[in-house]
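Below is one structure, written out as structure tokens; comments come after it.
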Amino acid sequence: MPQDDLDPERLKAITSQMVEAITSPAYVEAMRKVKAASNDKRLDEAMRRLTPKALREQGVRLPEDMRISSRYFEEGFKPIEVGEPAGKRNLLAELHAAEPEMFNLIGRLRDRKPDLYQELTERLSVEDAISPLALCGCACGGAATACGGAGAG
Amino acid sequence: MSDSAQAMAPADAERPALDDPHVYDNLGFTRAELAAAMRATYAELIAFVTQPAFVAIYNDLWSRDAADRPRFVNEVIVNRAELERRGVDIPEGILVQTSAFGDRRPTLFAVKKFLPDRFHDAWENVNLTFDNEYDDAAVSRDPEMAWRRPLPVSIQNTLLAEAADLDAYPDVGAGDRDWSRGLGDTYYERDG
């Protein structure tokens, strides 16, 4: 077990840093602008506004090691098949269930047939992956394994 | 000055006080109110993960090989009946979930609670997230990597169990610029 992962004082310190950072008016405003963007622009807005560099330039006081990333949560306490909640098939999950070797196949395809690999990945649509995402800021200390985070959908 | 202090210094002069009543005029609550709600909710999460029964389970998790931990998480940590059988008290509103990030850090599980609805125009939830061990330098901080669509958890966990490189898996939907249309949707039940 990584030392001090569950030390209450350490967790309190990490989460206090998080609260100070993510309640910053500039952070909240950047996130609201991303959420307000049209669907086809939202990713670009997130990459532009919700990065540690961009937020620091707006005056947000971020923990040094903070990561900000898209995120997905599965439903708690009840394992589900990813993709089902939206009523759509998850092609990748089904492929993997049918043929676990697909990971190696994809790796070989990328190395040997890069054009085919590129076309395959581009043809996978949103239904093949995950629709619910959350905007997330997560303060994680180096290679530590426990961190405080927050999400907004 | 330490590196950490240098990272924070430029913002100090501009940083509004947490009790500034004006900074959220257009949201119907103040920064201080949001911060208080977050601190209170984080305190609940910290109390949950530091109760002796949960600490024992966490120790059990870390006594296992890294590749075996996703299976243990699935069988024990996100299994309410098993947690309760092992003596864990699960207060109302606490969610224990598997999770995946766009930057593909090797996440094992998260303990989460929603904030009151009135704050959702800013933030919806706070959480504590627990990852498998990883080299910080190996998980990219590049925005284009961090804002990828996360892998399905089932695939992420299979890759972890195989000690595979998560970044070696292709970016799904790379040609679909509309992948983020799910933002704004949450499908899980808030009462867990």
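Placing dummy labels 7 Å off each Cα toward the beta-carbon, the span from B:ALA81 to A:ARG48 is 5.1 nm. By the scheme Lys and Arg +1, Asp and Glu -1, what is the net charge of all other residues having a beta-carbon under 13 Å from that of B:THR50? For residues surrounding B:THR50, the net value is -4. Size estimate for segment B:23-166 follows the Kirkwood approach: the inverse of mean 1/r over distinct Cα pairs works out to 16.8 Å.
Computed from label points 7 Å out along Cα-Cβ, the spacing between B:ALA138 and B:ASN59 is 2.8 nm.
Separation of the alpha carbons by more than 23 angstrom is noted, of A:LYS35/B:LYS112; A:LYS41/B:LYS112; A:LYS12/B:LYS112, for A:LYS41/B:LYS112.
Note on A:ARG112 and B:GLU162: with the Förster distance fixed at 25 Å, the Cβ-Cβ geometry gives a FRET efficiency of about 0.75.
Computed from the coordinates by the stated procedures, all read-outs in this text should not be read as laboratory data. Given the structure is predicted, the values throughout are model-derived calculations rather than measurements. So basically every Cβ, Gly included, is an ideal-geometry build from the backbone, and we count neighbours across all protein chains shown.
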